[in-house]
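Have a look at the structure below, then the notes.
The values are calculated or read from the model by the stated rules, or taken from the named source; none is laboratory data. All values derive from a computational prediction rather than experimental measurement. Here the Cβ is made from the backbone with ideal geometry for all residues, glycine too, and neighbour counts use every protein chain on show. In case anyone asks, the SASA skips ligands and DNA or RNA and just uses the protein heavy atoms, side chains included. Shrake-Rupley method; radii C 1.70, N 1.55, O 1.52, S 1.80 Å.
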Amino acid sequence: MASLNKVMLIGHLGKDPEIISFENGTKKMSVTLATTERYRDRNGEWAEQTDWHNIVCWRGLADIAEKILKKGTQVYIEGKLHTR
């Protein structure tokens, strides 16, 4: 049976991207992304739950992210999930 590892997130950046340039010219971008879910609790009051995600981009995506992303920007991220 086939498997699938795909994640789609929409949220706001928690900080400015951190860019690391390696000696061979490769770039790595790291940033945190906050996703917030709003729901009604048992008492009918609105409640929020925020989850934080660590996002990493390499090479060309890191170049683009470095130029356009900043803290608070709302972004759509699609990729695969890796846990450490």
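Compared with the dominant Cα axis of the chain, that is its longest principal axis, helix 59-68 is turned about 60°. Here the chain has 50 percent of its accessible surface on carbon and sulfur atoms, given a 1.4 Å probe and all protein chains in place.
Between residue 16 and 71, the built amide H atoms are under 5 Å apart, and every one of these is 5 or more places off in sequence or on another chain. With the charge dipole of the chain set up from +1 on Lys and Arg Cβ and -1 on Asp and Glu Cβ about the Cα centre, the Cα lying farthest toward the positive end among the listed residues 83, 58, 1 is that of 1.
Under the rule a/c < 1.5 gives rounded, and otherwise a/b versus b/c splits prolate from oblate, where does region 1-43 land using the Cα gyration tensor? Since a/c reaches 1.5 but b/c is at least a/b, the shape of region 1-43 is classed as oblate. Normalised Debye scattering of the chain at q = 0.11 Å⁻¹ gives log10 I(q)/I(0) of -0.39, counting only Cα atoms as equal scatterers and leaving out solvent. Taken about its Cα centre, the chain carries a charge dipole of about 160 debye when Lys and Arg each add +1 at the Cβ and Asp and Glu each add -1 at the Cβ.
In percent, rounded to a whole number, the relative contact order of region 2-73 is 36, using alpha-carbon pairs under 8 Å and six or more apart. Taking the DSSP beta bridges with both ends in the chain, the antiparallel portion is around 100 percent. Excluding ligands, DNA and RNA, the accessible surface per residue across the chain is 83 Å² with a 1.4 Å probe.
Sequence-ordered 3J(HN,Hα) estimates for region 33-50 from the Karplus curve with 6.51, -1.76 and 1.60 and θ = phi - 60° stand at 10, 9, 10, 10, 10, 9, 8, 8, 7, 4, 8, x, 7, 6, 10, 10, 10, 9 Hz, glycine and proline given as x. Estimated from helical segments only, the mean residue ellipticity of the chain at 222 nm is -3500 deg cm²/dmol, where each DSSP H run of four or more residues counts as -39500 (n - 2.57).
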